[in-house]
1. What is the packing order of peptides 54-60, 279-285, taking the mean over residues of other C-beta atoms within 10 Å and listing the highest first?
2. Could you give the semi-axes, largest first, of the ellipsoid that matches segment 37-189, computed as the square roots of 5 times the alpha carbon gyration tensor eigenvalues and rounded to whole Å?
3. For the cross-link pairs Lys123/Lys263; Lys142/Lys253; Lys142/Lys168; Lys3/Lys253, which exceed 21 Å when the distance is taken from alpha carbon to alpha carbon?
4. Students often forget the sequence filter, so: which lysines lie under 26 Å Cα-Cα from Lys421 once same-chain residues fewer than 8 apart are removed?
5. Below 8 Å, C-alpha to C-alpha, sequence gap of six or more: please give me the relative contact order for the chain in percent.
6. Expected output is a single nm value to one decimal: the length gained when fully extending between Thr33 and Lys349, i.e. 0.36 nm times separation in residues minus the C-alpha distance. What is it?
7. Which value, in Å², gives the accessible area per residue of the chain when a 1.4 Å probe is used on the protein heavy atoms?
8. With axes computed from alpha carbons, what is the tilt in degrees of helix 61-74 against the longest principal axis of the chain, rounded to the nearest 10 within 0 to 90?
Amino acid sequence: MEKKLKPATLCIRGGWKPQNGEPVQPPIYQSTTFKYDNTEEMAQLFDLKKSGYFYTRLANPTNDAVAQKIAALEGGVGAMLTSSGQAANFYAVFNICEAGSHIVASTEIYGGTFNLFGVTMKKLGIDCTFVDQDASEEEIQKAFRPNTRAMFGETISNPGCRVLDIEKFARIAHRNGVPLIVDNTFATPINCRPFEWGADIVTHSTTKYMDGHAAAVGGVVVDSGNFDWMAHADKFAGLCLPDDSYHGLTYAKDFGKMGYLTKLVAQLMRDLGSIPSPQNAFLLNLGLETLHLRMARHCQNAQRIAEFLEADERVAWVHYCGLKSDQHYALGQKYLPGGSCGVIAFGLKGDRETAVKFMDSLRLINIATHVADSRTCVLHPASHTHRQLSDEQLRAAGIDPTLIRLSVGIEDVDDLLDDIKQSLG
C-alpha cells in the first residue's frame with residue numbers, strides 16, 4: 001500500500017512521477033492533437049473505452065498532471081482544470097443541472113458567482129435561492145424544492161471573509177439528496193480540505209493562491225467520489241441515464257466514482273471548451289510547489305495586520321477569523337486551525353470617501369482587482385466592482401459600503417504596516 005503523503009510533499013511531488021531519464025518537471029505538451037497509428041485506436045478513445053490523448057480540448061498530459069496534483073491535495077478521486085475559476089463553478093453546477101433545475105447557494109459568495117447563479121444561469125432555466133449561511137438548519141431547509149440539485153458555498157467568502165459551517169451545509173444538502181459544492185479558493189487545501197467535513201465537490205479559482213504570482217488565470221473542479229449518484233437517480237438523469245451522444249453509456253454506472261468527472265470532461269468540456277493552455281497549467285504547477293510555504297506567510301502577515309487594524313481607533317470594524325473577537329472565530333478554529341488566508345475585510349469610520357482617501361494614499365500596496373497573490377493589494381467594492389450599486393443596494397447584497405478588501409501578500413509585514421499607518425494619517 002502506497003504511503004499517504006502530506007500536503008507539503010504533494011505540493012512538490014504530486015501528479016507527476018518521472019521515470020528513469022524523464023524530466024522532473026511535467027513537460028509543456030503545447031500541442032492541439034496527438035498521433036495514432038491506426039483508426040481503431042482513436043475510435044476506442046472517442047468511445048471512452050480507452051484512456052489517452054487525442055485532442056487537448058478534452059485532455060492534455062500537462063493539464064492532467066497538474067489536475068492530479070490538486071486532486072491529491074484535496075483528497076479527491078480526480079480533477080479537471082478549466083480556463084478560469086468562473087468556468088469551474090459553472091461546470092461544477094451545470095454538470096448536474098439542466099433547464100428546470102434549482103440550486104441553493106449562500107449569499108456570502110464572490111460577486112461574479114452570485115451573478116452567475118442569480119442572473120446568467122437563470123437565462124438557461126436554472127433557478128437559484130440564496131440563503132444566509134449563518135441561519136439555522138430549519139431556516140435554510142425552507143429554500144429547498146423537489147427540483148433542487150445542488151448546494152453551494154465558499155469556505156471563506158469573498159469579499160466578506162465569512163467562514164462557512166461546512167458540516168452544517170453538508171448535513172442539509174445530504175438530507176435533501178443533493179451534493180454540497182464548496183469553493184475552497186481562499187483557504188486552499190493547505191488550510192482546509194472540505195471533503196473531510198462532508199463536502200462532495202470542490203472548486204478553486206487557481207488564479208489566486210494556487211498560482212500565487214498573478215501570472216495565469218485558471219480554475220479547477222475536484223470530485224471526492226463520495227456522492228452516490230445512483231441512489232438519487234431520479235434527480236441526476238444526466239449521470240444516471242444513458243447518454244445518446246456516447247452510444248448509450250451511463251456515466252454513474254460505467255465509470256463508478258469517476259462518473260461525475262468523466263461526464264464533466266467528455267460531455268461539458270467537449271461541448272463548451274473552457275480549457276486552460278498547457279503553458280498556463282505549467283505556470284500553475286510552479287505556483288503549487290510553494291503553496292504550503294506561501295500560505296503560512298500570508299496568514300502570519302494577515303494576523304499581524306488584522307490585530308493592528310482592530311486596535312486602531314480609526315477603524316470601525318474588522319472581519320478576520322483569526323481574531324478572537326470575530327463572529328466566525330469558533331468556526332475558524334474548527335475548520336482552519338492552522339490559519340485561514342491572507343484576506344481581511346475591514347471598514348474605516350466615515351463613508352465611501354474615507355475609504356477612497358485611504359486607498360489613494362497608499363504608496364506600496366497596490367489598488368488592484370486581483371486578490372490572493374504574493375503582492376499586497378486592496379479593493380473597495382463600492383468604488384470598483386460594485387460601483388453601479390447604491391449604498392442601500394450594497395447592503396441588500398450583503399456588502400457594507402465602507403468595506404475594504406485587503407489581500408495581504410508575502411512582503412515584509414513591517415513595510416506593509418508602515419504603508420497602512422501613513423495612509424491612515
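1. 279-285, 54-60
2. With the √(5λ) rule applied to segment 37-189, the semi-axes are 32, 18, 14 Å.
3. Lys123/Lys263; Lys142/Lys253; Lys3/Lys253
4. Lys324, Lys349, Lys357
5. 16
6. Taking 0.36 nm per residue and subtracting the Cα distance, the gain is 108.0 nm.
7. 43
8. 60
The values are calculated or read from the model by the stated rules, or taken from the named source; none is laboratory data. Predicted, not measured: the structure shown is a model, and the values here were computed from it. Quick reminder, even Gly has a Cβ in these numbers, built from the backbone with ideal geometry, and neighbours come from all protein chains shown. Side chains are part of the model used for accessible areas, which takes the heavy atoms of the whole protein and leaves out ligands, DNA and RNA. Shrake-Rupley method; radii C 1.70, N 1.55, O 1.52, S 1.80 Å.
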